[in-house]
1. Charges at C-beta only: +1 for Lys and Arg, -1 for Asp and Glu. How large is the resulting dipole of the chain about its Cα centre, in Debye rounded to 20?
2. Under a point spin-label approximation (7 Å from Cα along Cα-to-Cβ), what is the ARG24-PHE42 distance to one decimal in nm?
3. Where only protein heavy atoms count, and the probe is 1.4 Å, what is the accessible area per residue for the chain in Å²?
4. Taking Rh as the Kirkwood radius computed over C-alpha pairs, what is the Stokes-Einstein D of the chain at 10 °C in a medium of viscosity 1.306 mPa s, expressed in µm² per second?
5. Taking only C-alpha pairs under 8 Å that are 6+ residues apart, what is the relative contact order of the chain in percent?
6. So what J values fall out for the stretch 4-17 if you push phi through Karplus, 6.51 cos²θ - 1.76 cosθ + 1.60 with θ = phi - 60°, rounded to Hz, Gly and Pro as x?
7. Compute the label zone of THR5 within the stretch 30-45: residues whose backbone N is under 18 Å from the point 7 Å along Cα-to-Cβ.
8. Report, to the nearest whole %, how much of the accessible area of the chain belongs to carbon and sulfur atoms, 1.4 Å probe, protein only.
Amino acid sequence: MDGKTRAHIKPGMVVNIVLKKDQRTGKLTEGIVKDLLTSAPFHHRGIKVRLDDGQIGRVQEILEEL
């Protein structure tokens, strides 16, 4: 599942995000969702989240659902 729909993403899920600095290369960072930062129900580039380790980026893939 992709990370463009807010309802699909919950805190505690394992996801791949793209960090702002990695947008050009598309390098993905894996982590656990701590907070959802995008309030809109849908975002074409991915819902913005904060990971447990504090990194912020847009969800590209949901790896493990709750």
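The values are calculated or read from the model by the stated rules, or taken from the named source; none is laboratory data. Every value quoted in this text rests on a predicted model; they were computed, and no experiment measured them. Here the Cβ is made from the backbone with ideal geometry for all residues, glycine too, and neighbour counts use every protein chain on show. With ligands, DNA and RNA removed, areas are computed over all heavy atoms of the protein, side chains included. Shrake-Rupley method; radii C 1.70, N 1.55, O 1.52, S 1.80 Å.
1. Roughly 420 debye, rounded to the nearest 20.
2. 3.2 nm
3. Accessible surface, normalised per residue, equals 63 Å².
4. After rounding, the answer is 141 µm²/s.
5. So the answer I get is 44 percent.
6. 8, 10, 4, 5, 7, 10, 10, x, x, 6, 8, 9, 9, 10
7. Residues 38-45 fall inside that zone.
8. Of the solvent-accessible surface of the chain, carbon and sulfur hold 50 percent.
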